[in-house]
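All of the numbers you see were taken from the coordinates with simple rules; none came from a lab. Worth saying up front: this structure is predicted, and the values here are computed from it rather than measured. Glycine also receives a Cβ, built like all others from the backbone with ideal geometry; neighbour counts cover every protein chain displayed.
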Amino acid sequence: MTGVFISPDRAQILLQGGATPVDARSKTAWIHKRISGSGALNWLTLRAGSGRTGLLHERLEVLRQAIVGAGVQGDRPVVVYGKADQGWGEEGRIFWMLEHLGHGQVHILDGGIQAWEASGLPVKRLTSPVSKGHFEPLWGEGRLRLDEVVLAQQAGSHTLWDTRTQEEFEGATPYGEARPGHIPGARHLHWKALLDAQGRLLPEDELRRLLIDFEEPVVPLCTGGVRAAFGYAVLRHLGLQTVLYDGSMWEWAERSELPLTRTSDGSS
């Protein structure tokens, strides 16, 4: 799927044609200021638990209720928006979730709600409930389980892309990982390096230059599968083969038998 990220003008055209806007920010931010008609989907309420990542697997009905409660229709495009560089890539996480569950018409508002406002397009406070949507989710193939990542790392069959900061990659654990470091062989590129000063996606030629050494398939990862999901969305935008490791470092690091490398001191 190319054309994942779309401009405010393109988003407005889709919304005028019946697309569903979905707010990936916090519920508080959504209530305070939102694109008209948008429902809210917050990844924190859709993960496997505190200090864990991944979707509520084996609880498909819970996910369905949340998705249709945000107004999502299975037969209409969805435009997801967040805070771009001022957030954690939440819009990418919701994009990945919807695509993984079988929705084939999901887009991301490039530059977030800031770009929407900068284009002179209206926002409003929450004034009325969102109409319930209709969507029947099915598990897809957009994620790798831990055992599959272990095999891919051992075989070198995938490019593991660590989207965290350089400090985290080298061994900082600001978000509660059980052990510091990165998966041996993983490539590092901070997800915000894909954005310009306004929080919008870099031109395609610059993105491809940054990712030129990433052999497909590419497996983005981070701490909890959010920043990595934004990277996943960028790869999908470019038409590159990718699959998300949503378990990421919260899952990998808690398994003491799995290797980790600390670049800062060379230990593993």
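Some points to look at:
- Applying both filters, DSSP loop and at most 16 other Cβ atoms within 10 Å, to the GluC sites (Glu not before Pro) of region 93-185 gives 141.
- Annotation: the residues 169, 230, sorted from fewest to most other C-beta atoms within 10 Å of their own C-beta, follow the order 169, 230.
- Overall form of the chain: prolate. Here a/c, set by the Cα gyration tensor axes a ≥ b ≥ c, is 1.5 or more, and a/b is the larger of a/b and b/c.
- Using a cutoff of 8 angstrom between alpha carbon atoms and counting only pairs six or more residues apart, the relative contact order for region 5-118 works out to 34 percent.
- Rounded if a/c under 1.5, otherwise prolate or oblate - region 146-252, Cα gyration tensor axes: oblate
- Inter-probe distance in nm under a simple model that places probes 7 Å from Cα toward Cβ, at residue 166 and residue 36: 4.6
- If the convex hull is drawn through the Cα atoms of region 5-118, its volume per residue in Å³: 97
- Figure legend: label point modelled 7 angstrom from the Cα of residue 13 along Cα→Cβ; residues of region 87-107 with amide N under 19 Å from it are 105-107.
- Of the residues 14, 181, 203, the one whose Cα sits farthest toward the positive end of the charge dipole of the chain, with +1 on the Cβ of Lys and Arg and -1 on the Cβ of Asp and Glu, is 14.
- Going from the residue with the fewest nearby Cβ atoms within 10 Å to the one with the most, 218, 123 rank 123, 218.
- Distance between the modelled labels on residue 209 and residue 197, one decimal in nanometres: 1.7 nm (7 Å Cα→Cβ projection).
- DSSP loop trypsin sites (Lys or Arg not before Pro) with at most 15 other Cβ within 10 Å: longest gap in the chain: 146-254
- Helix-only [θ]222 nm of the chain, DSSP H runs n ≥ 4, -39500 (n - 2.57) each, per residue, nearest 500: -8000 deg cm²/dmol
- Relative contact order of the chain: 23 percent, from C-alpha pairs under 8 Å at least 6 residues apart in sequence.
- Net charge of the neighbourhood of residue 116, taken over other residues with C-beta under 14 Å away and scored Lys/Arg +1, Asp/Glu -1, is +2.
- Most fluctuating residue given options 197, 229, 48, as computed from a GNM of the chain linking Cα atoms under 10 Å: 197
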